[in-house]
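Data first, discussion second: the structure below is written as structure tokens.
Derivation of every value follows stated rules applied to the coordinates shown; laboratory data play no part. If you're wondering where the values come from, they're calculated on a predicted model, not measured in any experiment. Counting neighbours? That spans all protein chains shown, and the Cβs are built from the backbone with ideal geometry, glycine included.
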Amino acid sequence: MRYLRLFFIQLKASLLVAMQYRLDFLIDLGLAILATSSALVPLLVLYGDRQTVAGWTWPQALLVVGFFNVLRGILNSVIQPSLQAVVEHIRRGTLDFVLMKPADAQFLVSTARFEVREVTDSLAGVGIIAYALSRLGEWPGPLGVAAAVLIVGCGVMILYSIFILVVGLAFVWVKVDNLSYLFMSLFDAARWPASVFRGAMAWVFTFILPLAVMTTFPALAVMNRLTPAALAQALLVTAVFLTLSRVAWLQCLRRYTSAGG
């Protein structure tokens, strides 16, 4: 309960800052709609002269794009802002002030800042999912919705873990901005159904950088096509990434010499 209260305090502070600039929020909403529309162009071209691609129809592929937008909005609004601030703390030596507080340092740095305006991507993603389901003419049952929500949560935890691992590199190399940009570029591949990728790429995007778990699995869930084995795989991959990120964070803190070290 203590950490839940801390989370809401941090969130409230970010909301107060965001509400000071309501016009910016509306502008960001418009930009998110434009960005989402432009992201649909490759799909429109691809499906312009064919009914299916890698076994996915146009509405089914839209579901993947929708979940991609939901996760991108969470990444840009919740995960990336706070963890980018950690890199600045490490670079300037001000992480000492965080470590002195009577709470878990990883929790504090992970909830330090939220960019509420960026949540517009997630709202656009929800709209795409609703439109795709209406085109399919079938709606998921309670189990399908629950499975999709659970796997989206797994995707958020995987994204968070990857960023914690990237932040861990900042304790050694200090400047890791290029790695963040590289990951964001790779994450763009998650807008495509997993079956589009073949060979080594399919293996990489399933186990090393599990994009399939993040966007394809929840799309399968709302279509009531997710197997129990796939759900178990998502939970296992999430547990592995969370464990790796926590161990890496603790090891990096042990190496941190502080500003006066």
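Dividing the helix sum by the residues of the chain, where each DSSP H run of 4 or more adds -39500 (n - 2.57), gives a mean residue ellipticity at 222 nm of -22500 deg cm²/dmol.
Just to confirm a number: summing +1 for Lys and Arg and -1 for Asp and Glu over residues other than Arg246 whose beta-carbon lies under 14 angstrom from that of Arg246, what do you get? With Lys, Arg at +1 and Asp, Glu at -1, the net is 0.
Divide, for region 144-261, the radius of gyration over alpha carbons by 2.2 N^0.38 Å, where N is the residue count.
That works out to 1.20 for region 144-261.
Each Lys or Arg adds one and each Asp or Glu takes one away; over the other residues whose Cβ falls under 10 Å from the Cβ of Thr215, this sums to +2. Distance between the 7 Å Cα→Cβ label points at Arg135 and Arg5: 4.8 nm.
Packing here is the average count of other Cβ atoms within 10 Å per residue, and on that basis the peptides 79-86, 143-150, 60-67, highest first, run 60-67, 79-86, 143-150.
Stretching the chain fully between Asp49 and Lys12 yields a gain of 8.5 nm (0.36 nm per residue, less the alpha carbon separation). When you filter the trypsin sites (Lys or Arg not before Pro) in region 94-196 for DSSP loop state and at most 11 other Cβ atoms inside 10 Å of their Cβ, you are left with Lys175.
Once both labels are positioned 7 Å from their Cα atoms along Cα-to-Cβ, the gap between Thr57 and Phe107 label points is 4.7 nm.
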